[in-house]
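The values are calculated or read from the model by the stated rules, or taken from the named source; none is laboratory data. For clarity, every value in this text was computed on a predicted model and none was experimentally measured. In this analysis, Cβ positions are derived from the backbone assuming ideal geometry, glycine residues included, and neighbour counts consider all displayed protein chains. For the accessible areas, the whole protein counts, side chains as well, though only heavy atoms, and no ligand, DNA or RNA atoms are used. Shrake-Rupley method; radii C 1.70, N 1.55, O 1.52, S 1.80 Å.
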Amino acid sequence: MGLSPDGKRLYVSETATGRLWGWSVVAPGELGQLELLPGRENGILAYAANGAGLLYDAGDYSLFDSLAVDSEGNICLGTLQNSGITVVRPEGGKRDFIAMPEYDFFTTNICFGGPDLRTA
């Protein structure tokens with residue numbers, strides 16, 4: 001689970017389904033239906049009854065572990081099975097996949113560090 005850089009969105013990944021969901025943060029402790037980002041094309045695939053917006057569905061037996069949000073708002077998901085990091089746009093849809101070396105089969109936890117917080 002993670003927050004957008006402005007704190008207005010909450011993201012949650014599901015491991016077994018390979019899905020990424022998001023909600024709008026209405027107030028501390030209160031979530032609402034995921035709102036579209038201004039000026040961005042709607043990448044939300046569907047809405048759940050609880051207001052969550054489906055931002056990405058891997059659909060290829062990818063298993064997601066942890067996630068971290070970069071400074072541009074992209075959601076970076078540790079991806080099991082495919083051994084890498086799946087990068088999803090904040091408006092929905094896959095942006096990139098960064099493969100890990102073949103000896104690192106299970107990409108699990110991810111965070112950012114370094115002097116400029118740009119190193120995964």
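Give, rounded to the nearest 20 debye, the magnitude of the charge dipole that the range 1-94 has about its Cα centre when Lys and Arg contribute +1 at Cβ and Asp and Glu contribute -1 at Cβ.
On the way: 6 positive and 11 negative charges, 9 e Å.
I would put it at about 40 debye.
Find, to one decimal place in angstroms, the Kirkwood hydrodynamic radius of the chain, where the mean of 1/r is taken over every pair of different Cα atoms and then inverted. Intermediate results must be reported in sequence, preceding the final value.
Details: mean 1/r = 0.0690 Å⁻¹.
Radius from the Kirkwood sum: 14.5 Å.
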Determine which residues of the range 88-109 fall in the zone a paramagnetic label at Arg40 would reach in this model, i.e. backbone nitrogen under 15 Å from the point 7 Å along Cα→Cβ.
88-96
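Using a 1.4 Å probe on the protein chains only, how many percent of the accessible area of the chain belongs to carbon and sulfur? Let's see the in-between values first.
Numbers: 3680 of 6970 Å².
Carbon plus sulfur share of accessible area: 53 percent.
How big is the charge dipole of the range 57-120 about its Cα centre, in debye rounded to the nearest 20, if each Lys and Arg gets +1 on its Cβ and each Asp and Glu gets -1 on its Cβ? Can you show the working numbers first?
Values: 4 positive and 10 negative charges, 16 e Å.
Charge dipole of the range 57-120: 80 debye, to the nearest 20.
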Using +1 at the C-beta of Lys and Arg and -1 at the C-beta of Asp and Glu, which of Asn74, Trp21, Gln33 has the Cα lying farthest in the positive direction of the dipole of the range 12-79?
Gln33
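Give the ranking of Phe105, Phe112, Phe64 by solvent-accessible surface, highest area first, calculated with a 1.4 Å probe.
Working: Phe105 95, Phe112 55, Phe64 0 Å².
So the residues, ranked largest to smallest area, are Phe105, Phe112, Phe64.
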Computed over the range 1-114: relative contact order in percent, which uses C-alpha pairs under 8 Å that are six or more apart:
22 percent
What the Cα atoms of the range 81-120 span along the principal axes, largest first and in whole Å, is 29, 28, 13
